[in-house]
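Colleague: First the structure, then my questions, so here it is.
The values are calculated or read from the model by the stated rules, or taken from the named source; none is laboratory data. Computed from a prediction, not measured in an experiment: that's the story for all the values here. Glycine gets a Cβ as well: all are built from the backbone with ideal geometry, and neighbour counts include every protein chain shown. Heads up: the accessible areas ignore ligands, DNA and RNA and are worked out on the full protein's heavy atoms, side chains in. Shrake-Rupley method; radii C 1.70, N 1.55, O 1.52, S 1.80 Å.
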Amino acid sequence: MRDARIDRRLFLRGVGGATAGLAAATALSACGTGTSRTPSGSAKGGGKTVVVRDSGGSYGAALQKAIYTPFTQETGITVKVLNLDDAPLLAQIKQGRPQCDLINNSMMSHQKYVKQGALEVLDLDRVKSVKSAKIPQNQITEHAVGHSFYGQCIAYRTDAFGGKKPESWADFWDTKAFTGGRAMVSPDGDLPELEFALLADGVPMDKLYPLDVDRAFKVLTRLRSDIKKFWDSGPLPGVLLSRQEVTMSTVWDGRIADLQKQGVPVARQLNGMRRQFSGYAIAKGAANVDAAYQLMDFSLRAEVQAALAKAFPSNPSSPLAYAKLTKEERNALAGAPQYYDKGFDADIDWWLKNEAAVTKRWLGWARG
């Protein structure tokens, strides 16, 4: 089973392979390849169907439970799910034959789709929940609406530092006061962590962008000998911490709760957390546009976002969703009101312009 955030490597590393994926897309269209799940429901929708693209795995199971099945029960519209990577999906859209209607993807990937003319311009009058759920304005674009975010933050062993707790990225870099190895992400797992290096070097969180790339790599170099592993999948930081191969690692915030339930002595530090949003968009030339709007509208409701957060460590974009959770459920989420101002949103526009060059430089730097 794939984890939603393992697929970040696909979401974030570009969609330039669409042409190469053309033949694959043709084959997919012909034979129906692609995992799909169809919930049962009433005939209220008169046999209507909507096809949504998501990344499957435990995240897909949570979407089925919290969104797709209740949506079908309310509307009678059958939800079919397609697990398909960016390149073949883009190739389908360019052919004018997209297999899916609604696309659940990172907001950064949606921007890449926009550059290839692959998304419909949204009529937000048809998505009433954008206003009723008070979706943040910076997560509403012409082509997509953000529904949740994941945060990248510090995970550390609570038994490693004699009772001391790291409070910042400066502490992550301080291997004298906080001894032990470190782990950080590779470009196969997520965007290079330049922002954390700059925060460790004293750059204020609201002054990060445009990133000073030269300065960031100088700071990264100071830590290079202490980085024992570059992780490329969500579970790996937890494995490294559990085995005590490192005492601190960058991590996707939702992973910490799972480790704690397993009895691993770890905690998270959300100061300086980098947020990246996922959202909904409608494929250009979608066959079931009306149903896609209905599913988007349903999914963005505050109570539905809260239901998803109960089923999966997803941080709702709607601030109203958190009030619909218990105190314990709310406090477990990095998006809870008391934590939100501790972090910052990744600047998608900056990364779209600079990701390729930064990744190339990172690969050379990591090889040393």
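Colleague: Which of the residues spanning segment 349-368 are open to solvent by 20 Å² or more (accessible area, probe 1.4 Å) and polar (S, T, N, Q)?
Modeller: ASN354
Colleague: Related question: Mind listing whichever residues of segment 358-368 are in contact (Cβ under 8 Å) with a residue 40 or more places away in the chain and out of contact with any strand residue (DSSP E or B) (no Cβ under 8 Å at 6 or more places or on another chain)? Spell out how you get there, then give the answer.
Modeller: To start, the set of residues in segment 358-368 that are in contact (Cβ under 8 Å) with a residue 40 or more places away in the chain comprises 358-359, 361-363, 365-366, 368.
Of everything in segment 358-368, those that are in contact (Cβ under 8 Å) with a residue 40 or more places away in the chain and out of contact with any strand residue (DSSP E or B) (no Cβ under 8 Å at 6 or more places or on another chain) turn out to be VAL358, THR359, ARG361, TRP362, LEU363, TRP365, GLY368.
Colleague: May I ask you to list the residues in segment 315-348 that are among the small types (Gly, Ala, Ser), more than 17 Å from PHE196 (Cβ to Cβ) and open to solvent by less than 50 Å² (accessible area, probe 1.4 Å)? It would help to see each step written out before you state the result.
Modeller: Residues of segment 315-348 that are among the small types (Gly, Ala, Ser), as a first pass: 317-318, 321, 323, 332, 334-336, 343, 346.
Retained after the next criterion (residues that are more than 17 Å from PHE196 (Cβ to Cβ)): 317-318, 321, 323, 332, 335-336.
Listed by number, the residues that qualify are SER317, SER318, ALA321, GLY335, ALA336.
Colleague: Residues being touching a residue at least 60 places away in the same chain (Cβ under 8 Å) and farther than 25 Å from ASP190 by Cα: count how many of those fall in segment 101-134.
Modeller: 12
Colleague: Quick check on my filter: what residues within segment 136-151 are open to solvent by 10 Å² or more (accessible area, probe 1.4 Å) and of a type in the set (Val, Ile, Thr)?
Modeller: Selection gives ILE140, THR141.
Colleague: Please go through segment 276-290 and give me each residue that is open to solvent by 10 Å² or more (accessible area, probe 1.4 Å) and either among the hydrophobic types (A, V, I, L, M, F, W, C) or more than 23 Å from LYS342 (Cα to Cα) (or both), ordered by number.
Modeller: PHE277, LYS284, GLY285, ALA286, ALA287, ASN288, VAL289, ASP290
Residues are listed down the side, and each one gets a yes or a no for (1) under 18 Å from the mean Cα position of the chain (by Cα); (2) open to solvent by 10 Å² or more (accessible area, probe 1.4 Å); (3) modelled with pLDDT of 95 or more:
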{"site": "VAL51", "(1), (2), (3)": "no, yes, yes"}
{"site": "LYS65", "(1), (2), (3)": "no, yes, yes"}
{"site": "LYS80", "(1), (2), (3)": "no, yes, yes"}
{"site": "LEU102", "(1), (2), (3)": "yes, no, yes"}
{"site": "ALA118", "(1), (2), (3)": "no, no, yes"}
{"site": "LEU124", "(1), (2), (3)": "no, yes, yes"}
{"site": "VAL127", "(1), (2), (3)": "no, no, yes"}
{"site": "ALA133", "(1), (2), (3)": "no, no, yes"}
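Colleague: Being among the hydroxyl-bearing types (Ser, Thr, Tyr), under 25 Å from the mean Cα position of the chain (by Cα) and open to solvent by 30 Å² or more (accessible area, probe 1.4 Å) is the filter here, so list the residues in segment 152-168 that pass it. Before the answer, list the steps.
Modeller: From segment 152-168, those among the hydroxyl-bearing types (Ser, Thr, Tyr) are 156, 158, 168; that's our starting set.
Checking which are under 25 Å from the mean Cα position of the chain (by Cα) leaves us with 156, 168.
Hit for segment 152-168 is SER168, nothing else.
Colleague: If you don't mind, there's one more thing I want to ask. Could you tell me whether VAL251 is buried (at least 21 other Cβ atoms within 10 Å of the Cβ), in contact (Cβ under 8 Å) with a residue 24 or more places away in the chain and not in a helix (DSSP H, G or I)? Working first, answer last.
Modeller: Numbers: buried (at least 21 other Cβ atoms within 10 Å of the Cβ): yes; in contact (Cβ under 8 Å) with a residue 24 or more places away in the chain: yes; not in a helix (DSSP H, G or I): yes.
Criteria met by VAL251.
Colleague: Ok, one more. Taking VAL239, is it open to solvent by 20 Å² or more (accessible area, probe 1.4 Å), hydrophobic (A, V, I, L, M, F, W, C) and farther than 27 Å from LYS360 by Cβ?
Modeller: Numbers: open to solvent by 20 Å² or more (accessible area, probe 1.4 Å): yes; hydrophobic (A, V, I, L, M, F, W, C): yes; farther than 27 Å from LYS360 by Cβ: yes.
The answer is yes for VAL239.
Colleague: Now for a different question. Got a sec? Which of LYS324, LYS310, LYS353 is among the charged types (D, E, K, R) and in contact (Cβ under 8 Å) with a residue 40 or more places away in the chain?
Modeller: Details: LYS324 fails: in contact (Cβ under 8 Å) with a residue 40 or more places away in the chain; LYS353 fails: in contact (Cβ under 8 Å) with a residue 40 or more places away in the chain.
On inspection, the qualifying residue turns out to be LYS310.
Colleague: From the list VAL239, VAL219, exactly one residue is in a helix (DSSP H, G or I), under 24 Å from the mean Cα position of the chain (by Cα) and over 20 Å from ALA334 (Cβ atoms). Which is it?
Modeller: Values: VAL219 fails: under 24 Å from the mean Cα position of the chain (by Cα).
Going through VAL239, VAL219 in turn, the sole match is VAL239.
Colleague: Considering only residues that are outside any helix (DSSP H, G or I) and over 15 Å from GLN139 (Cα atoms), which ones fall in segment 302-318?
Modeller: Of segment 302-318, the ones outside any helix (DSSP H, G or I) are 312-318.
Residues satisfying the conditions are PHE312, PRO313, SER314.
Colleague: If I ask for residues that are touching a residue at least 24 places away in the same chain (Cβ under 8 Å) and farther than 16 Å from GLY272 by Cβ, which ones from segment 331-348 would you list? Can you show your working first?
Modeller: First, the residues of segment 331-348 that are touching a residue at least 24 places away in the same chain (Cβ under 8 Å): 332-335, 339, 342-348.
ALA332, LEU333, ILE348, listed by residue number.
Colleague: Could you run through segment 259-275 and say how many residues are basic (Lys, Arg), under 17 Å from PHE149 (Cα atoms) and either out of contact with any helix residue (DSSP H, G or I) (no Cβ under 6 Å at 6 or more places or on another chain) or open to solvent by 40 Å² or more (accessible area, probe 1.4 Å) (or both)?
Modeller: So in segment 259-275, the residues basic (Lys, Arg) come out as 261, 268, 274-275.
If we keep only those that are under 17 Å from PHE149 (Cα atoms) as well, we get 268, 274-275.
Next, only the ones that are either out of contact with any helix residue (DSSP H, G or I) (no Cβ under 6 Å at 6 or more places or on another chain) or open to solvent by 40 Å² or more (accessible area, probe 1.4 Å) (or both) stay: 268, 275.
Residues that pass the stated criteria total 2.
Colleague: Same structure again: Can you pull out the residues in segment 173-214 that are open to solvent by less than 40 Å² (accessible area, probe 1.4 Å), farther than 29 Å from PHE161 by Cα and not in a loop (DSSP other than H, G, I, E, B)?
Modeller: Within segment 173-214, VAL213 is the sole residue that qualifies.
Colleague: Let me ask another. So the check is Cβ under 9 Å with 6+ separation or different chains; which pairs have a first residue in segment 255-270 that's touching a residue at least 12 places away in the same chain (Cβ under 8 Å) and a second one that's of a type in the set (Lys, Arg) and loosely packed, with under 14 Cβ neighbours inside 10 Å?
Modeller: Short answer, once both residue conditions are applied: ALA267/LYS165; GLN269/LYS165.
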